[in-house]
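The values are calculated or read from the model by the stated rules, or taken from the named source; none is laboratory data. Just so we're clear, the structure is a prediction, and the values are computed from it rather than from any experiment. A quick note on method: Cβ atoms are made from the backbone with ideal geometry, for glycine too, and the neighbour counts reach across all protein chains shown.
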């Protein structure tokens, strides 16, 4: 059976994802609208046999959302090969957009067998642990900048690597007002942030992702992670070396950029 043009383009992007390569930009008709980008993302993800360990929320900054005229963030799958422990080395390229500092949650597999929507009242019963994490964001394409959420969503959610700090058992804290900081002392780069920058707060972002996963009728049948979005925006990587992230009351996480 002859492959469609969309199939051929997705094959190229999937190959780039698996081989850590960079390809020419995909046609804009797959990226201009978030609805089409989401369909393209799902097609690409369906062609990857590596286990999924969780999901990310993308585009969680409300000012950016308003600027790009989007009503809500998007989500994407995270595969095991892109999930690392704190302190590991990550090699970047010219299509890397930046580095982010986030709150992540470990969700119990009982979520997949729950009925009804996930709400502010029932969400906490599905959370096992929480932790600080770093996300390296970038394209598998020769392109720079962001013109729409579709740019990010269509390219596997633009996630390159995730590094997770020490997990802590979940407890209720004021997650919507925690100070955060991302630093590279070698080049004197330091960016302050706050968890309030994440789609009202990280718990609200988590709720968004869980309801999308439920709507798409996904069942991993195991505990999984949800990465809720950057507390410091997309921080440009101005130099190589150690990047150290800290979130008050949660802990720290680091990576070596090379």
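Some observations on this one:
- Scanning segment 76-85 for residues that are over 30 Å from residue 15 (Cα atoms), out of contact with any strand residue (DSSP E or B) (no Cβ under 7 Å at 6 or more places or on another chain) and either at pLDDT 95 or above or not in a strand (DSSP E or B) (or both) turns up nothing.
- Boolean, residue 72 is farther than 26 Å from residue 3 by Cβ and out of contact with any helix residue (DSSP H, G or I) (no Cβ under 8 Å at 6 or more places or on another chain): no
- Inter-residue pairs, beta-carbon under 6 Å, first without any contact (Cβ under 8 Å) to a residue 24 or more places away in the chain and in segment 1-19, second surrounded by 16 or more Cβ atoms within 10 Å (Cβ to Cβ) and not in a loop (DSSP other than H, G, I, E, B), 6+ apart: 12/23
- The condition of being free of Cβ contacts under 8 Å to residues at least 60 places away in the same chain and farther than 14 Å from residue 209 by Cβ holds for only one of 61, 98, 87, 116, that being 116.
So that you can scan it fast, the table gives a plain yes or no per residue for (1) surrounded by fewer than 24 Cβ atoms within 10 Å (Cβ to Cβ); (2) modelled with pLDDT of 95 or more; (3) part of a loop (DSSP other than H, G, I, E, B):
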residue: 105; (1), (2), (3): no, yes, no
residue: 112; (1), (2), (3): yes, yes, no
residue: 120; (1), (2), (3): yes, no, yes
residue: 130; (1), (2), (3): no, yes, no
residue: 135; (1), (2), (3): no, yes, no
residue: 146; (1), (2), (3): yes, no, yes
residue: 173; (1), (2), (3): yes, no, yes
residue: 190; (1), (2), (3): yes, yes, no
residue: 205; (1), (2), (3): no, yes, no
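- Screening 47, 29, 66, 42 for residues that are out of contact with any helix residue (DSSP H, G or I) (no Cβ under 9 Å at 6 or more places or on another chain) and over 19 Å from residue 212 (Cβ atoms) leaves exactly one candidate, 66.
- Taking (1) closer than 22 Å to residue 196 by Cα; (2) assigned to a helix (DSSP H, G or I) in turn, residue 7 satisfies each apart from (1).
- Residue in segment 213-222 that is within 18 Å of the chain's Cα centre (by Cα) and crowded, with 21+ Cβ neighbours inside 10 Å present: yes
- Conditions (1) surrounded by fewer than 16 Cβ atoms within 10 Å (Cβ to Cβ); (2) out of contact with any strand residue (DSSP E or B) (no Cβ under 8 Å at 6 or more places or on another chain); number of the one not met by residue 201: (1)
- Across segment 148-169, the qualifying residues are those that are part of a strand (DSSP E or B) and within 20 Å of residue 105 (Cβ to Cβ), and the one among them that is nearest to the chain's Cα centre (by Cα) is 159.
- Failed item, numbered, when residue 49 is tested on (1) assigned to a helix (DSSP H, G or I); (2) out of contact with any strand residue (DSSP E or B) (no Cβ under 7 Å at 6 or more places or on another chain); (3) modelled with pLDDT of 95 or more: (1)
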